[in-house]
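Undergrad: Okay, handing you the structure first.
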Amino acid sequence: MKYYILFGPPGAGKGTQAKFMVEKFNLIHISTGDLLRKEMAAETPLGKQAKKLIEQGYLVPDDVVVGMIENAFASNTGVNGFILDGFPRTIEQAETLDSLLKKRGDEVTKVISLAISDEMIAERIKHRAQIENRADDAEPETIRHRIATYHEKTEPLVNYYKAQKKYHEIDGAKSIEDVFELISKELISK
Ligand code: AMP
């Protein structure tokens, strides 16, 4: 089973690229952000709890997202593999993922990182706010907080996966088509 992590800051294009990857490589896309937004839309207790944190640009607790990942693995059998988008976002989550996969006799296959500058993050999020109507995309203060959280909590994963020789970086500022071509090359190569 393949376990790809699609890594990068908010606005890097992870969701867009994941859709193409699903079509071409028959993978299951697991986006913790999308799953949380579904919970919020359905106004479940979990959704209500997550809403306040998400709308301020904070991370939701690890056990919440880890539970979602476990459910998604359990309910999708007989597939080629998974694309994890928006997870892991902290070293603790990465360690939990490693032990989860170890129990399944497996490991992370590759981390594909879409790199863009902070200026481009802010620009892309502003643009997305006009299309997707996401509350966490609308407020400048929330956007600033999400970028800061990314640098503080998520970026340390770069070295974590470099140490495991699993980290592959792609220039996320290129066109959607060019980025997908580079991702495809990574998925095809060993
Ligand atoms: P995203 O769509 O990936 O940008 O996620 C939107 C928001 O959901 C994030 O800003 C976090 O508040 C929350 N979230 C998504 N994934 C995680 C995660 N792995 N750990 C903690 N919070 C998350």
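Undergrad: I'd like the accessible area for Asp118: 1.4 Å probe, protein heavy atoms, all chains in place, Å² to the nearest 10.
TA: Probe radius 1.4 Å; accessible area of Asp118 about 60 Å².
Undergrad: Taking 7 Å along the Cα-to-C-beta vector as the label spot, tell me the Thr44-Leu100 distance in nanometres, rounded to one decimal.
TA: 1.4
Undergrad: In addition: Report, to the nearest whole %, how much of the accessible area of the chain belongs to carbon and sulfur atoms, 1.4 Å probe, protein only.
TA: 51
Undergrad: Next up: For the charge dipole of the chain, defined by +1 on Lys and Arg C-beta atoms and -1 on Asp and Glu C-beta atoms about the Cα centroid, which residue among Met68, Val79, Gln130 has the Cα displaced farthest towards the positive pole?
TA: Towards the positive end, the residue furthest out is Val79.
Undergrad: Extending each Cα 7 Å along its Cβ direction at Lys52 and Glu141, get the distance between those two points in nm, one decimal.
TA: 1.6
Undergrad: For Met1, tell me the accessible area in Å² from a 1.4 Å probe, rounded to the nearest 10.
TA: 90
Undergrad: Restricting to Cα pairs below 8 Å that are 6+ residues apart, what does the relative contact order work out to for the stretch 1-118? Please round to a whole percent.
TA: Result for the stretch 1-118 is 50 percent.
Undergrad: Could you give the accessible area per residue of the chain, probe 1.4 Å, as a whole number in Å²?
TA: Solvent-accessible surface per residue comes out at 54 Å².
Undergrad: Pick out, from Val108, Leu36, Ala173, the residue whose Cα sits farthest towards the positive end of the charge dipole of the chain, with +1 on the Cβ of Lys and Arg and -1 on the Cβ of Asp and Glu.
TA: With unit charges placed on the Cβ atoms, the residue in question is Val108.
Undergrad: Run lengths n ≥ 4 of DSSP H only: what is the helix-derived mean residue ellipticity at 222 nm for the chain, with -39500 (n - 2.57) per run over all residues, to the nearest 500?
TA: So the calculated ellipticity at 222 nm is -17500 deg cm²/dmol.
Undergrad: I need the calculated FRET efficiency for the pair Lys24 and Glu119, taking r as the beta carbon distance and R₀ as 30 Å, to the nearest 0.05.
TA: Between Lys24 and Glu119 the formula returns 0.50.
The values are calculated or read from the model by the stated rules, or taken from the named source; none is laboratory data. These figures come from a predicted structure and were not determined experimentally. Neighbour counts are summed over all protein chains in view; Cβ atoms, including those assigned to glycine, are modelled from backbone coordinates with ideal geometry. Remember, those area values only see protein heavy atoms, side chains included, never the ligands or the DNA or RNA. Shrake-Rupley method; radii C 1.70, N 1.55, O 1.52, S 1.80 Å.
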